[in-house]
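What follows is a single structure, written as structure tokens, with notes after it.
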Amino acid sequence: MDRRRPPQTEEGWYVLHDFRSVDWDAWRNAPERRRERALDEGIDYLSSATSLTDVDAEEGGSAVFSVIGHEADFMVLHLRPTIADLDALERRFEGTALAEFTEHTDSYLSVTEVSGYMSEEYFEEGGKADSGIARYIESRLEPEIPDAEYVSFYPMDKRRDAEWNWYDLPFDERAEYMSGHGDIGRKYAGRVTQIISGSVGLDDHEWGVTLFADDPADIKELLYEMRFDPSSSRFGEFGRFRFGRRFAPENLGALLAGERVSQEVDDGHGHGHGSNHHGEGGRGHHDHGSSGHGRGKSGDSSGHDHAHGSDGGDDSDVRDELEDLGVYAGKPHGEDVHAVVLYSAADVDDLFEEVQGLRANFDHYDSHVKTAVYDAEGDGGDEAAVVSLWETERAANTAAGFLGDLPDVVRQAGDDGDSWGTMGMFYAVEPDHRGDFVGTFEDVGDALADMDGHRKTTLLANLEDENDMFIASRWDAREDAMAFFRSDAFAETVEWGRDILTERPRHVFLA
């Protein structure tokens, strides 16, 4: 009898869905001082978990949700690198005064997981597969909890019966089923975000699925469509579904007072239970700047005025050498932002429509700075660029996986191993001087064409703000680019740019 080949798997962070119900009789009958203490300690616990100041954990994430229905009153979702971290978190809650008023109604333990169904090359090459796929897989293993309003969690198994036995199928057939299932999920990018975790040997089912969305109907629509996919209709078996709304830890008092709760930190009026304190750790603020001129933060006070640098090679040496030339090259990964830049040959309007859907999803993350489509000026080429800026490298890597599914992507900046790239960003041009800027760029382009090692330089403009531009260049080698930075023509251009730009350009080292 043949033994079926299981897919290889890789595990990431451990996940705990912790469901709690409130003993409402005990809560109503307790003295005010006991309720105040329970709120204080409950908010402290939830705030420290969401801000990652708990149990020495420097990675992961936590969020708290009110649960609608009889299964529980609230759920705390924890992601941490180790089981020990989750164990400490669970026990620490039991030590709070709030725990005296709650019952532990249920929990689910799992670990984020990717398998060979997604990319056999990733496992065969020891994680050295195509960088876009590798980054996407890493984002699945160490996911960021989106701050979408609604969550749906359910456990599931693959069916094993006489007619439909998932584990008796050949690997290629299982992979084909999973590919079709994934195609449905990708249609909802920008509307529904998922965390998939494996639980074989850890809990009652084989996987846990956690879905996040700002519209609960999107979750329902996604799951309904997937019911008709053979991967689900023939082989899917599902446990109990739980549904909830996210709220800020500081709003725990409102939850216990029977009032509406949200992710926005309440001012504390009318709750009567100490909900207006412990400001750290909440996620009720947003500063996304995802369109138009929504540029990232300026994290350096250097007086240099240009923003070119490398997307490969020894970044530290590059920055030091540019600094000696009086050229501001940014910090590693670009001050305090990380960038993903992809080039696509798709119709720019179709590309923009696709990116709008992804951007709506990205805006759920506090770490998202900006995502925009840039089109080449003049005869700069047929390729448009998608630029996505993030405050953390992990978030940028997550975005890279989604962006890699955009139509007709021809390359990702930084992946071309036979050339050296430079990228100047945040050229915010004074509207009255846009023509001057484009004209000067054309003059510089003519000079570049005669330089040794120069391959191509393109000026691209934001589709939503024509005065927001960046310049991308490709060279045979780093030294060829550095020769240009040392030239008088470059120094003169930098000096001229001071008068027509609204702010200093900055470089972003690619994530």
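The values are calculated or read from the model by the stated rules, or taken from the named source; none is laboratory data. Everything quoted here is computed from the prediction, not taken from an experiment. Counting neighbours? That spans all protein chains shown, and the Cβs are built from the backbone with ideal geometry, glycine included. Areas reflect the complete protein model, heavy atoms only, side chains present, ligands, DNA and RNA absent. Shrake-Rupley method; radii C 1.70, N 1.55, O 1.52, S 1.80 Å.
For the reader, a short list of remarks on this structure follows.
- Summarising the label geometry, the points placed 7 Å from Cα in the beta-carbon direction at ARG160 and ASP382 lie 5.2 nm from one another.
- Heavy-atom surface analysis with a 1.4 Å probe gives region 1-116 a carbon and sulfur content of 44 percent of its accessible area.
- Full-stretch length increase - THR105, GLU466 - with 0.36 nm per residue and alpha-carbon distance subtracted: 124.4 nm
- Of the GluC sites (Glu not before Pro) in region 77-177, the ones in a loop by DSSP (not H, G, I, E or B) with at most 15 other beta carbons within 10 Å are GLU125, GLU163.
- Accessible surface of LEU501 - all protein chains present, 1.4 Å probe, nearest 10 Å²: 30 Å²
- ARG434 versus TRP24: modelled label distance in nm, points set 7 Å from Cα along the beta carbon direction: 5.9 nm
- Placing R0 at 35 angstrom, the Cβ-Cβ distance between VAL200 and GLU221 gives a FRET efficiency of 0.75 after rounding to 0.05.
- In plain terms, the chain from GLU393 to ARG240 could stretch by 51.6 nm, reckoned as 0.36 nm per residue minus the Cα-Cα distance.
- Dipole in debye (nearest 20) - region 446-492, about Cα centre, beta carbon charges: Lys, Arg +1; Asp, Glu -1: 280 debye
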